[in-house]
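*Asks:* Handing you this structure, nothing more for now.
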Amino acid sequence: MPLPFPEKTVPGAPAVVPGLKDKGAAAEDAADDLDKAAAPRTRPGVRPLGRGMDDLLPFPDVLDEDEEEEVDESPAGQLLVKAEKLDRAGKYQEAKDTIQEAIKLSPKMPLAWLALGVVARHMGDFEGSVDACSTGLRIDPTDPELYLRRGIAWFHIGRHGIALEDFEDAAGIGYDDPRPELWRGLTLIEIGRPLEAISAYSSAIRRDRTYDLAYLNRGLAYLATDEPAKAESDFDQAIRHDSRNAQAWFNRGVAQARQAEYAHAGDSYSEVLRIDPKHPGARKNLDALRARTGRSGSVLHKQPAAELVPAGRVLGRPAGGRSSASGN
């Protein structure tokens, strides 16, 4: 059964879940170039990270392109700026030490605890991430980013029920942010509830019609519920937003093969190889497809072409095993 996509994660091989890519279950290979996720609000002292899915990015906050960056000139704020640079460079222990210095100076700063939670997660310390985010929430119980990041940590620990509660809280507070609903969908897929996951992904899309990760993951969920035509439509939408998204093309080929549209599936797999000649699944699927059809594309066997894992999640991996793919 195809896996979903999140935080640095992807379809056909689970879609990189939103993020981060520490994903153990369901091939959570994520890419650090997570897609556009609306950031709930801007925080001082943090540079714009781009609209990245979530915890794949080093620090959580994002600034709109037309919004001036606010800079926290306090000693603690400057330490967080330094920690962000260290996190981006993969120097997680140094980043953690720097954040802890900031916390000593300003223990009631929610952003510092949020940053500590993000770095802990990058280090593979999910329990530490939960603790840091929980401390931040005791200071500011209305911060949607803290609920989101804690939920992601719970997800990686395997506490899916608690993760769902945090994603629901984040979605309720940050009503214009698609990421909580994306992660809610990823969690529902993880526990075998694809129909509810489709609803969650649809909610993420209503919040941001350009959120490719939601289309990719919803497409995977449609494959799981044996609705390949709807899946193909979602993968097409992701391709419209980014025509060089190899995973979207690959998933599209899988959906087309399931509909016995073998010629179109072959074109999709060929496009994947044009974009990424080393793509692990496209060549195998294309060869299997050609083995079952004639040169003209006519079917020689009744069975559909063999499929590899449909696509992958867009999650991320913790330090030490962190993939270059994305989330987080």
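The values are calculated or read from the model by the stated rules, or taken from the named source; none is laboratory data. None of these values were measured; they are calculated from a predicted model. All Cβ positions, glycine included, derive from the backbone under ideal geometry; neighbour counts span all protein chains shown.
*Asks:* Looking at the structure I just gave you, is A260 closer than 19 Å to A229 by Cβ, among the small types (G, A, S) and either modelled with pLDDT under 75 or in a loop (DSSP other than H, G, I, E, B) (or both)?
*Replies:* yes
*Asks:* Tell me whether the stretch 217-225 contains one or more residues that are assigned to a helix (DSSP H, G or I), among the charged types (D, E, K, R) and within 20 Å of S202 (Cβ to Cβ).
*Replies:* Yes, the conditions are met somewhere in the stretch 217-225.
*Asks:* Okay, moving on. Could you please find all residues in the stretch 102-127 being among the charged types (D, E, K, R) and either assigned to a helix (DSSP H, G or I) or in contact with a His (Cβ under 8 Å, 6 or more places away or on another chain) (or both)?
*Replies:* K104, R121, E127
*Asks:* Can you pull out every residue in the stretch 167-192 that is in a loop (DSSP other than H, G, I, E, B) and either surrounded by fewer than 17 Cβ atoms within 10 Å (Cβ to Cβ) or among the polar types (S, T, N, Q) (or both)?
*Replies:* Y175, D176, I191, G192, listed by residue number.
*Asks:* Here is a follow-up. Could you check, for the stretch 106-121, whether at least one of its residues is surrounded by fewer than 16 Cβ atoms within 10 Å (Cβ to Cβ) and farther than 28 Å from A171 by Cβ?
*Replies:* Yes; the residues of the stretch 106-121 include at least one that is surrounded by fewer than 16 Cβ atoms within 10 Å (Cβ to Cβ) and farther than 28 Å from A171 by Cβ.
*Asks:* Shifting gears a bit: Taking into account only those residues within the stretch 197-213 that are in a helix (DSSP H, G or I) and modelled with pLDDT under 95, which is surrounded by the fewest Cβ atoms within 10 Å (Cβ to Cβ)?
*Replies:* D212
Every residue, every condition in (1) at pLDDT 90 or above; (2) among the aliphatic types (A, V, I, L, M); (3) under 30 Å from A153 (Cα atoms); (4) surrounded by 15 or more Cβ atoms within 10 Å (Cβ to Cβ), yes or no:
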{"site": "A246", "(1), (2), (3), (4)": "yes, yes, yes, yes"}
{"site": "D276", "(1), (2), (3), (4)": "yes, no, no, yes"}
{"site": "A288", "(1), (2), (3), (4)": "no, yes, no, yes"}
{"site": "R292", "(1), (2), (3), (4)": "no, no, no, yes"}
{"site": "S326", "(1), (2), (3), (4)": "no, no, yes, yes"}
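*Asks:* Take the residues in the stretch 208-219 that are touching a helix residue (DSSP H, G or I) at 6+ places or on another chain (Cβ under 7 Å) and not polar (S, T, N, Q); name whichever of them is nearest to A260 (Cα to Cα).
*Replies:* G219
*Asks:* Right, next: Identify, please: which residue in the stretch 220-229 is of a type outside the set (S, T, Y) and surrounded by fewer than 17 Cβ atoms within 10 Å (Cβ to Cβ) and is, among those, farthest from E261 (Cα to Cα)?
*Replies:* Of everything passing the filter in the stretch 220-229, D226 is farthest from E261 (Cα to Cα).
*Asks:* Now for a separate question. Does L188 satisfy the condition of being more than 14 Å from the chain's Cα centre (by Cα) and not β-branched (V, I, T)?
*Replies:* Yes; evaluated as a whole, the condition is true for this residue.
*Asks:* Here is a list: E65, E94, E127. Which entry is at pLDDT below 95 and either β-branched (V, I, T) or over 16 Å from R179 (Cα atoms) (or both)?
*Replies:* It is E65.
*Asks:* Surrounded by fewer than 16 Cβ atoms within 10 Å (Cβ to Cβ) and touching an Asp or Glu at 6+ places or on another chain (Cβ under 9 Å) - does that describe any residue in the stretch 250-260?
*Replies:* yes
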